[in-house]
Amino acid sequence: MTMSFKGKPSRRAFLKGAVAATGSIAGASMANAAGDPLITQVQEWASGTGDGVDATLYGMPIQFESDVIRRNVEWLTADTISSINFTPIHALDGTITPQGCAFERHHSGAIELSKADYRLMINGLVDTPLVFTYEDLERFPRENHVYFCECAANTGMEWAGAQLNGAQFTHGMIHNMEYSGIPLRALLEEAGLDAAGDLKDKWVYVEGADASSNGRSIPMEKALDDVLVAFKANGEALRKEHGYPVRLVVPGWEGNMWIKWLRRIEVTTQAIESREETSKYTDTLEDGTSRKWTWVMDAKSVVTSPSPQAPIKHGHGPLVITGLAWSGRGSITGVDVSIDGGKNWQEARLGAPGTDKALSRFYLDIDWNGEEMFLQSRARDSSGYVQPSKEELREVRGLNSIYHNNCIQTWWVKADGEAENVEVS
Amino acid sequence: MSKFLKLIAGTTLASTLISAPAMAEKMGLGRAATPDEIAAWDIDVAPDGTGLPVGSGDVFTGEEVFAEHCAICHGDFAEGVDNWPKLAGGADTLDHEDPLKTVGSYWPYLSTTWDYVNRSMPFGAAQTMSTDDVYAIVAYILYSNDLVDDEFVLSNENFLDVEMPNASGFILDDRETSEAHFWKAEPCMTNCKDSVEITMRAAVLDVTPDEGGTEEAAAPAEEAAAAPASTEAADAAAPVEQAAIDPELMKKGEKVFKKCKACHQVGEGAKSKTGPILNGIVGASVGAVDGFKYSKPMKGLADSGATWTEEELAAFLAKPKKYLKGTKMSFAGLKKEDDIVAVTAYLKSFQN
C-alpha cells in the first residue's frame with residue numbers, strides 16, 4: 001500500500017472539539033455553601049443496584065471511555081484493508097497497551113485463522129523441515145517478555161513539518177504488551193541448524209498466512225537472540241488484528257518485521273529483498289540514495305499529556321506532565337523534559353526503572369500558572385543515545401526518509417490549556 | 001529449563017551464541033514437512049533468481065492481463081489510481097522534494113516485483129495467476145517504465161539480464177557512524193539555545209481527522225435514552241425481511257462477500273470505494289449509485305433501463321467479463337452457484 005505522507009488541507013474547522021475547559025473548572029474544589037449535591041444528596045447509584053455478574057461476559061470499557069479508541073487518518077491510504085490506525089496514547093497511562101485499542105496495520109486485511117487450521121513450517125537450510133500445529137507450539141518451554149512494537153512509519157508524516165494535531169496521530173503507531181511465547185531459537189534448533197553450516201552469514205525469512213504474505217528477512221544472529229514466536233499478549237490470546245493465533249515478536253526492531261499469522265520460517269543464504277524490505281521500509285536520504293536494513297528503532301519519547309487531544313482542563317496549580325519513552329537499542333535510562341522549547345531541561349521521574357526494549361512512563365510534576373509552554377521530551381537509553389531534535393535529524397537525513405523519525409516533539413500549550421503540534425526554532 | 005535461562009543470559013553475547021553448536025536435546029515436536037507442502041508454500045524469489053519457476057511472458061500479453069487484473073487500482077499505464085500505488089514513472093526524482101518511487105525509479109531488484117505480483121497480487125485475489133501471466137505482467141511493468149521495448153519477452157532465462165535503474169541506490173544502515181553524534185555523554189541541560197520561535201503549526205495545515213471525541217462524551221446518555229425506541233422501530237420493520245432470510249445462508253453469504261470487500265462496501269456507513277456501494281443493490285436499477293464512475297458498457301446497460309434482478313446479478317457474478325465486456329470490475333467470478341445464492345441473500349439483507 002502506498003501511504004501519502006502529506007495531507008491535503010481540508011476546510012474542516014480546526015479542532016472542532018476545542019471545548020474550553022471553563023465549564024468543568026468548577027467542581028469539587030468550588031462547592032457552594034450548601035455543599036456539592038453529588039455528596040449532600042443520595043445518588044441513584046448509591047441507592048439502587050448495578051449490573052449483576054454475567055451482564056457482560058467479556059467486558060468492554062465503561063461508556064464514559066468511548067472516545068479512547070483507535071483512529072485512522074483517511075487520506076493516508078487508499079483503503080482500510082491495507083492501512084494503519086493509531087493507539088490513543090494521549091488517553092492511556094502506565095506502559096501496557098490494552099489489546100483492544102492497540103494500533104493495527106494490515107496489508108490485506110485482518111484474517112480469521114483458527115488454531116485448528118494453523119500450521120507453521122520451518123524449511124530451507126535445516127536438517128529436517130518441520131510442520132508444527134498450534135498444539136505443538138504450546139508444548140515448548142515458554143517465556144514472558146514485555147516489548148514495544150513501533151511501526152517504522154510512526155511520526156513519518158511529520159518529516160517535512162508539523163502536520164497532525166494529536167499525540168495519537170503523531171506517535172500512536174506503537175503498542176507495548178507482555179508476550180507469552182517460545183524463543184524462535186528453540187524452533188530453529190528443533191529443526192536442526194547443522195545443514196546451515198556457518199550461521200554468521202545466514203538469514204531467516206519469515207512470512208505470514210494472509211494474502212499479502214508479508215515477508216521479511218532477519219539475520220540469523222537476531223533470530224537466535226531474542227525473537228519470540230508469541231501466542232498470548234497481556235495474558236490472553238492475540239487479537240485477530242494482531243495476528244491470532246501466532247505472531248512473531250522482534251524486540252526493538254521495526255513493527256513490519258513482527259510477522260502476523262506467522263506461517264513459515266525459512267533458513268536462507270541471503271536476504272530475500274521482498275517488497276517490504278526494498279520498495280518500502282527503506283529510508284531515502286537527501287541525495288537520493290536510500291538506507292536499507294534500518295531495523296532498529298532508535299530512542300524516542302513523546303509527552304502524551306498535556307497534548308492537543310488532552311488539553312489542560314483544570315485550573316492553575318499542580319499539573320502532571322506525562323509521556324512515554326522507548327528504545328530499540330536497550331532500556332530507557334532517563335527522560336528530560338523542557339517547558340520552554342528546549343532552552344532548559346529537567347530530568348523527569350520514571351514510573352519504573354526502564355526495561356529492555358519496552359515502553360517507559362515518565363512524569364514531571366509542576367506548578368502551572370497559565371504560562372504558555374513549549375513542551376518537549378528527550379529520551380536517553382542504555383547505549384548512550386540521546387533523542388535528537390528534528391533539526392539534527394534533518395541535517396543527516398533530509399526530508400524524504402518517511403521512516404524512523406524519532407525527533408523531539410513540541411507541543412505549544414497555551415494560556416487556556418489547549419495544546420497544538422508546532423515546530424520551533 | 002536451565003538451557004533456556006542460559007539463552008536469556010546470553011543476549012549480549014550473540015556472537016558467542018551464534019557459533020555455539022546446536023543444542024543436543026530435541027523436544028521431538030512437529031512432524032517432517034512433505035516435499036509437496038514445501039513446494040506449495042516456499043515460493044519466494046531471491047535477487048539471484050533462487051526460487052524463480054520456469055516460464056515466460058511478453059509485453060503484449062502483459063498489457064492485456066494487466067488491464068484485466070491490475071488496472072483498476074494501478075491504472076491502464078501503471079500510473080496509479082487515487083491513492084493506490086503508481087508502478088511507473090518517477091525516473092530521477094529520488095533526490096527531489098517529493099520523490100516518486102516506482103518499480104522503475106526505485107525498486108533495486110526485479111525479483112521483488114516478480115515475487116510480489118506472484119504471491120500477493122491481485123489485491124483480493126492473491127495467488128490466482130499463472131506463472132506465465134506473472135512473467136507477462138512484470139514484462140509490461142518494465143515496458144511501462146521504458147526499460148524494455150514492446151517486443152520484449154521476459155523469462156527465467158533472461159531474468160537476471162534486466163538492469164534495474166536504482167540497483168546501486170542503496171546503502172546499508174549506517175546510523176552508528178553517520179549519526180554517531182547522537183550518542184552524547186552529557187546532553188545540554190541549561191541555556192541550550194538563545195531563542196525559541198514557532199516555525200510551523202499543524203493547525204495551519206488542518207489535516208487532522210475529526211475525532212468527535214468531545215461530542216461523544218455527551219452522547220452515551222442520549223443513546224441510552226434513544227435505544228428502546230429504535231429497537232422497537234427495527235422490530236416493527238424487520239419481520240417481513242427477516243422471515244425470508246436463512247441465517248445459515250446469510251453467514252455463508254457474508255463469508256463469500258469477503259472476496260468482494262477489496263472493492264465494495266455494504267451496510268451501515270458503507271461508501272463507494274473502488275467499486276460502488278452495494279446497499280439495496282438487489283432489484284436496483286443498473287449503474288444508479290450517485291457519483292460513482294461506471295465503465296462505458298455499464299453506463300450503456302444503465303441507459304437501457306436494466307435492473308439487477310436476482311437472475312441478472314447471478315449471471316453477472318458468475319462471469320463478470322463475459323456478462324458485460326469492458327466492465328471495470330476485475331473480479332474473475334464466483335464459480336459455485338451456492339456462493340452466488342449465498343452472497344445474493346447477504347446483499348438482500350442490506351436493502352435500503
B:VAL138 vs. criteria over 30 Å from A:PRO388 (Cβ atoms), surrounded by 15 or more Cβ atoms within 10 Å (Cβ to Cβ) and within 14 Å of chain A (Cβ to nearest Cβ): yes
Failed criterion for A:GLU112 (all others in (1) surrounded by fewer than 21 Cβ atoms within 10 Å (Cβ to Cβ); (2) in contact with a helix residue (DSSP H, G or I) (Cβ under 7 Å, 6 or more places away or on another chain); (3) within 10 Å of chain B (Cβ to nearest Cβ); (4) over 30 Å from A:GLN168 (Cβ atoms) hold): (4)
Residue that is surrounded by the most Cβ atoms within 10 Å (Cβ to Cβ), among those in the range B:273-300 that are hydroxyl-bearing (Ser, Thr, Tyr) and modelled with pLDDT under 85: B:THR274
A:ILE62 vs. criteria buried (at least 21 other Cβ atoms within 10 Å of the Cβ) and either modelled with pLDDT of 95 or more or at the interface with chain B (Cβ under 9 Å from one of its Cβ atoms) (or both): no
Top-ranked residue in the range A:259-286 [being without any contact (Cβ under 8 Å) to a residue 40 or more places away in the chain and within 7 Å of chain B (Cβ to nearest Cβ); ranked as surrounded by the most Cβ atoms within 10 Å (Cβ to Cβ)]: A:THR278
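Taking helices (runs of 4 or more DSSP H) that do not extend beyond the range B:64-181, which have at least 3 residues that are under 29 Å from A:MET297 (Cβ atoms) and at pLDDT 95 or above? So that I can check it myself, show each step before the final result.
Details: elements: B:71-74, B:110-120, B:131-144, B:175-178.
Passing ranges, in order: B:110-120, B:175-178.
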Odd one out for A:PRO183, checked against (1) surrounded by fewer than 22 Cβ atoms within 10 Å (Cβ to Cβ); (2) farther than 22 Å from A:ASN406 by Cβ: (1)
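Please verify whether A:LYS357 is surrounded by 22 or more Cβ atoms within 10 Å (Cβ to Cβ), assigned to a loop (DSSP other than H, G, I, E, B), touching a residue at least 24 places away in the same chain (Cβ under 8 Å) and basic (Lys, Arg), treating the condition exactly as stated.
Values: surrounded by 22 or more Cβ atoms within 10 Å (Cβ to Cβ): yes; assigned to a loop (DSSP other than H, G, I, E, B): yes; touching a residue at least 24 places away in the same chain (Cβ under 8 Å): yes; basic (Lys, Arg): yes.
Criteria met by A:LYS357.
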Residue check, B:ALA78 buried (at least 17 other Cβ atoms within 10 Å of the Cβ), out of contact with any Asp or Glu (no Cβ under 8 Å at 6 or more places or on another chain), touching a residue at least 24 places away in the same chain (Cβ under 8 Å) and at positive phi: yes
Residue match in the range A:369-385 (condition: within 11 Å of A:LYS300 (Cα to Cα), more than 19 Å from the chain's Cα centre (by Cα) and either away from chain B (no Cβ under 14 Å) or touching a residue at least 12 places away in the same chain (Cβ under 8 Å) (or both)): yes
Inter-residue pairs, beta-carbon under 7 Å, first of a type in the set (Asp, Glu) and in the range A:193-222, second surrounded by 23 or more Cβ atoms within 10 Å (Cβ to Cβ), 6+ apart: A:GLU207/A:SER213; A:GLU207/A:ASN214; A:GLU207/A:GLY215; A:GLU207/A:ILE259; A:GLU207/A:ARG264; A:ASP210/A:TRP261
Per-region count, the range B:27-42, residues surrounded by 16 or more Cβ atoms within 10 Å (Cβ to Cβ) and either among the aliphatic types (A, V, I, L, M) or not in a helix (DSSP H, G or I) (or both): 5
Residue within the range A:309-316 that is of a type in the set (Lys, Arg), touching a residue at least 40 places away in the same chain (Cβ under 8 Å) and closer than 28 Å to B:ALA203 by Cβ present: yes
In the range B:163-210, residue surrounded by the most Cβ atoms within 10 Å (Cβ to Cβ) [restricted to those that are out of contact with any strand residue (DSSP E or B) (no Cβ under 8 Å at 6 or more places or on another chain) and among the β-branched types (Val, Ile, Thr)]: B:THR208
Residue under evaluation A:HIS90, criteria (1) within 14 Å of chain B (Cβ to nearest Cβ); (2) outside any helix (DSSP H, G or I); (3) in contact (Cβ under 8 Å) with a residue 24 or more places away in the chain, criterion not met: (2)
In the range A:211-238, residue nearest to A:ALA152 (Cα to Cα) [restricted to those that are outside any strand (DSSP E or B) and more than 9 Å from every other protein chain (Cβ to nearest Cβ)]: A:VAL227
Enumeration of residues in the range B:301-335 that are among the basic types (Lys, Arg) and either surrounded by 14 or more Cβ atoms within 10 Å (Cβ to Cβ) or modelled with pLDDT of 85 or more (or both): B:LYS319, B:LYS321, B:LYS328
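For the range A:385-425, what are the residues that are in a helix (DSSP H, G or I) and farther than 25 Å from A:THR278 by Cβ?
At the first step, the residues of the range A:385-425 found to be in a helix (DSSP H, G or I) are A:390-397.
Correct list: A:LYS390, A:GLU391, A:GLU392, A:GLU395.
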Residues satisfying the stated conditions in the range B:176-207, i.e. more than 7 Å from chain A (Cβ to nearest Cβ) and within 37 Å of the chain's Cα centre (by Cα): B:GLU176, B:THR177, B:VAL204
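The values are calculated or read from the model by the stated rules, or taken from the named source; none is laboratory data. Because the structure is a prediction, the values reported are computed rather than measured. Here the Cβ is made from the backbone with ideal geometry for all residues, glycine too, and neighbour counts use every protein chain on show.
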